[in-house]
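The values are calculated or read from the model by the stated rules, or taken from the named source; none is laboratory data. Keep in mind it's a predicted model, so treat the numbers as computed, not measured. Counting neighbours? That spans all protein chains shown, and the Cβs are built from the backbone with ideal geometry, glycine included. For accessibility, only protein heavy atoms count, side chains too; no ligands or nucleic acids. Shrake-Rupley method; radii C 1.70, N 1.55, O 1.52, S 1.80 Å.
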Amino acid sequence: MVFPVVFLKLADWVLYQLLANSCYRAARKVRNYGFFLRNQIPRSSSQQQAASLFPSASHCDVGNNIRSSQTLVCDIHGVLLRAKTFFPYFMLLAFEAGGILRAFLLLLSCSFLWVLDYELKLRVMIFISFCGLRKKDIESVGRAVLPKFYLENLNLQAYEVWSKTSSRVVFTSIPRVMVEGFLKEYMAVDDVVGTELHTVGNRFTGLLSSSGLLVKHKALKAYFGDKKPDVGLGSSSLHDHHFISLCKEAYVVHKEDGRNNQSCFMPRDKYPKPLIFHDGRLAFLPTPFATLCMFLWLPFGIVLAIFRILVGICLPYRLAIFWGSLSGVQLTFQGCFPSSNLEQKKGVLYVCTHRTLLDPVFLSTALCKPLTAVTYSLSKMS
């Protein structure tokens, strides 16, 4: 009799969260959108008033030598990263560590995620992305796949403030295992305080630990006690205002600046640490629209891939290049072509960029000779 009672309670909770609460939130969003045009000026003025409680991060004096001994606290989501949503990083984790079916399920969840509030939306993405996966697989993706996309989305204004301080602590509601590897290896962070996940053995259940979703201002009080951090960086949300108000100095990173202002884009030569290794299968940031395009292309792409594979295996190199070009393949040569009259004891080493596993295939086809390639992969997809 225990199982039916537990099942009924779980079904009641799901129906309440997904139907009652979600429909109510959806109705409120529609109503607010309907009144937005009529009340555009008052709403924009109230948002500007809320954002003006703290100065912009661009007004922070990064040339102050005193900052070299100060402690900074911030969040990675909406502050260090320019991306306004964390969905692409959950998609990367689901695709690389879980496989294509898990990624497709996460994409389908977009149809109702927009009506959920932030906490419930995060819980759903965590459950789909983490449920049943091993700890070491998640940690491997966090070290070998996600850093590339984190570096490409760094906010330059936030990083300039970040780099001038000596001690940094990140507080985030994102699962700690998703960001800790990047922050400690590339951003020289002292500590990461994030949402902890429930595990059974060496696998994640997809549920949160008993502490629940991390509340940043409470976690900051518990971490520092009566001592106030020197500098706080936050987004323009009211939750972050409460968080950074506990610091001696507080600055805001505006979403509009991160999306449109070219001065917020981090150039590659200013990366805190060069990206040496990337093991991901996806060369693009999988936003919902980009992921949908990928799945729509997949059936045609499989047929095209089979054709190109057969051409490359069955035909000589010259004919393979010709038929490959008819199917859309383009080869561009730059630099000096290696000499073919080298002695047997000599050779040329080609170092691939590891953008995808196609690098050694294209090298072999372009040189019209077989190559030996060493490959290594953490991804479930090949």
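Check off (1) farther than 26 Å from residue 274 by Cα; (2) outside any strand (DSSP E or B) for residue 185 and give me the number that stays unchecked.
(1)
Output the residues belonging to segment 131-165 that are closer than 23 Å to residue 275 by Cβ, open to solvent by 30 Å² or more (accessible area, probe 1.4 Å) and not in a helix (DSSP H, G or I).
164
Any idea how many residues of segment 171-221 are closer than 16 Å to residue 129 by Cβ and aliphatic (A, V, I, L, M)?
Looking only at that region, the number is 8.
Can you pull out the residues in segment 172-185 that are farther than 20 Å from residue 88 by Cα and either of a type in the set (S, T, N, Q) or in contact (Cβ under 8 Å) with a residue 24 or more places away in the chain (or both)? Show your work before the answer.
Just the residues of segment 172-185 that are farther than 20 Å from residue 88 by Cα, to begin with: 184-185.
The answer is 185, and nothing else.
For segment 166-182, name all the residues that are farther than 18 Å from residue 240 by Cβ, of a type outside the set (Gly, Ala, Ser) and part of a helix (DSSP H, G or I). I'd like the intermediate steps shown before the answer.
Going through segment 166-182, the residues farther than 18 Å from residue 240 by Cβ turn out to be 166-167, 175-178, 180-182.
Adding the requirement that they be of a type outside the set (Gly, Ala, Ser) leaves 175-178, 180, 182.
Once the filter is applied, which keeps residues that are farther than 18 Å from residue 240 by Cβ, of a type outside the set (Gly, Ala, Ser) and part of a helix (DSSP H, G or I), segment 166-182 yields 176, 177, 178, 180, 182.
Identify all residues within segment 109-130 that are closer than 20 Å to residue 215 by Cβ and open to solvent by less than 20 Å² (accessible area, probe 1.4 Å); write none if there are none. Spell out the reasoning first.
We begin by selecting, within segment 109-130, every residue closer than 20 Å to residue 215 by Cβ; these are 116-127.
Result: 116, 120, 122, 125, 126.
Collect the residues in segment 269-323 that are of a type in the set (Asp, Glu) and either over 30 Å from residue 158 (Cβ atoms) or touching a residue at least 24 places away in the same chain (Cβ under 8 Å) (or both), keeping them in residue-number order. Can you show your working first?
Filtering segment 269-323 for residues of a type in the set (Asp, Glu) gives 269, 279.
Passing the criteria: only 279.
Exactly one of these conditions fails for residue 112: (1) at pLDDT below 95; (2) under 25 Å from residue 281 (Cβ atoms). Give me its number.
(2)
With 184, 221 as the choices, which residue is more than 19 Å from residue 79 (Cα to Cα), assigned by the TED database to the domain that holds residue 126, among the charged types (D, E, K, R) and surrounded by fewer than 16 Cβ atoms within 10 Å (Cβ to Cβ)? Before you say what the answer is, go through the steps one by one.
Values: 184 fails: more than 19 Å from residue 79 (Cα to Cα).
Just a single option satisfies the conditions, and that option is 221.
Identify all residues within segment 93-126 that are small (Gly, Ala, Ser) and in contact with a Ser or Thr (Cβ under 8 Å, 6 or more places away or on another chain); write none if there are none. Don't jump to the end; show me each part of the working.
Initially, segment 93-126 is screened for residues small (Gly, Ala, Ser), giving 94, 97-99, 103, 109, 111.
Selection gives 94, 97, 98, 103.
Give 101, 92, 72, 106 a once-over and let me know the one that is without any contact (Cβ under 8 Å) to a residue 24 or more places away in the chain and open to solvent by less than 10 Å² (accessible area, probe 1.4 Å).
Details: 101 fails: open to solvent by less than 10 Å² (accessible area, probe 1.4 Å); 92 fails: without any contact (Cβ under 8 Å) to a residue 24 or more places away in the chain; 72 fails: without any contact (Cβ under 8 Å) to a residue 24 or more places away in the chain.
Exactly one residue qualifies, and that residue is 106.
Looking at residue 132, is it on the phi > 0 side of the Ramachandran plot and touching a residue at least 12 places away in the same chain (Cβ under 8 Å)?
yes
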